[in-house]
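Engineer: Quick one: structure below, then a few questions.
The values are calculated or read from the model by the stated rules, or taken from the named source; none is laboratory data. Note that the structure is predicted; figures quoted are calculated from it, not measured. Using ideal geometry, Cβ is built from the backbone for each residue, glycine included, and neighbour counts are taken over all protein chains shown.
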């Protein structure tokens, strides 16, 4: 009986030993040091394993007509987009439809500017002059204000004029001494045009011989043609002209012999 039992037990033990070294061997590290085969489980999540939804796409803005100076057709010129984008003034990019971030708040003499845009210092048919202000402190406006100035520049460059642009508003608008207005991005001071076309001051009281009346009138006509002009303040006794149909919008205000002041609609 004992001999029979041992005969049966030995094969069983041998089978158990072989079973332990058989199928389970594939789970052990191979003797040649190669890494184990990749797991067949699901790949890791791209967001680090979290459940968060991807961010929503940016708002879609309907692009308008593309032009050489506005290649994405969003109504904001390439120079304005580059100037504000590269200086981190506003998130504007060429090649993308950008919404207008600017809003005039309140009145020109008691308001502020939200999301104001900075006017490039040099453009086609205009130059921004600093006066006593630091760079990029006095040249902020609404998008329609910047579009207006660029459009006027393009209108008059054909007659050899480069309009001298002075103060607009501060970046966030508000009080801008010594001005009473210029508070919501809709006002801009400009120089009368000189005969010699130099970008230097001209005061009609002291240098009338340097004044180009015809070219200055052409600038005024361009403003009324391409911009939503509310009023232009001038030295009416010295400019020497009016614009047909716009007589009520050209108004005499003291202190405007060395510049004229355009206020756009929207205030």
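Engineer: Can you pull out the residues in region 173-198 that are in contact (Cβ under 8 Å) with a residue 60 or more places away in the chain, assigned to a loop (DSSP other than H, G, I, E, B) and surrounded by 14 or more Cβ atoms within 10 Å (Cβ to Cβ)? Before the answer, list the steps.
Structural biologist: So the first thing to find is which residues in region 173-198 are in contact (Cβ under 8 Å) with a residue 60 or more places away in the chain, and the list is 173-174, 180-192.
In the following step, the residues that additionally are assigned to a loop (DSSP other than H, G, I, E, B) were identified as 173-174, 180-186, 191-192.
Correct list: 173, 174, 181, 182, 183, 184, 185, 186, 191, 192.
Engineer: Among the residues of region 116-136, count how many are over 13 Å from residue 90 (Cβ atoms) and touching a residue at least 60 places away in the same chain (Cβ under 8 Å).
Structural biologist: Counting residues in region 116-136 that are over 13 Å from residue 90 (Cβ atoms) and touching a residue at least 60 places away in the same chain (Cβ under 8 Å) gives 2.
Engineer: Going by the conditions given, is residue 263 at pLDDT 95 or above and under 23 Å from the mean Cα position of the chain (by Cα)? Outline the logic, then answer.
Structural biologist: Numbers: at pLDDT 95 or above: yes; under 23 Å from the mean Cα position of the chain (by Cα): yes.
Here the answer is yes, as residue 263 does meet what is asked.
Engineer: Oh, and also: State which residue is nearest to residue 257 (Cα to Cα) when the search covers only region 199-241 and only residues that are in a loop (DSSP other than H, G, I, E, B) and at pLDDT below 95.
Structural biologist: Pass one, region 199-241, residues in a loop (DSSP other than H, G, I, E, B): 199-207, 212, 227-228, 235, 240-241.
Then keep just the ones that are at pLDDT below 95; that gives 199-201.
Values: 199: 16, 200: 14, 201: 11 Å.
Per the criteria, the residue is 201.
Engineer: Still on this structure, I have one more. Which of the residues that make up region 242-252 are within 34 Å of the chain's Cα centre (by Cα) and not in a loop (DSSP other than H, G, I, E, B)?
Structural biologist: 249, 250, 251
Engineer: Yes or no: region 247-256 includes at least one residue that is surrounded by 15 or more Cβ atoms within 10 Å (Cβ to Cβ) and out of contact with any strand residue (DSSP E or B) (no Cβ under 7 Å at 6 or more places or on another chain). Break it down into steps so the answer makes sense when it comes.
Structural biologist: Residues of region 247-256 surrounded by 15 or more Cβ atoms within 10 Å (Cβ to Cβ): 249-250, 256.
Pick out the ones that are also out of contact with any strand residue (DSSP E or B) (no Cβ under 7 Å at 6 or more places or on another chain) and you get none.
Within region 247-256, none of the residues are surrounded by 15 or more Cβ atoms within 10 Å (Cβ to Cβ) and out of contact with any strand residue (DSSP E or B) (no Cβ under 7 Å at 6 or more places or on another chain).
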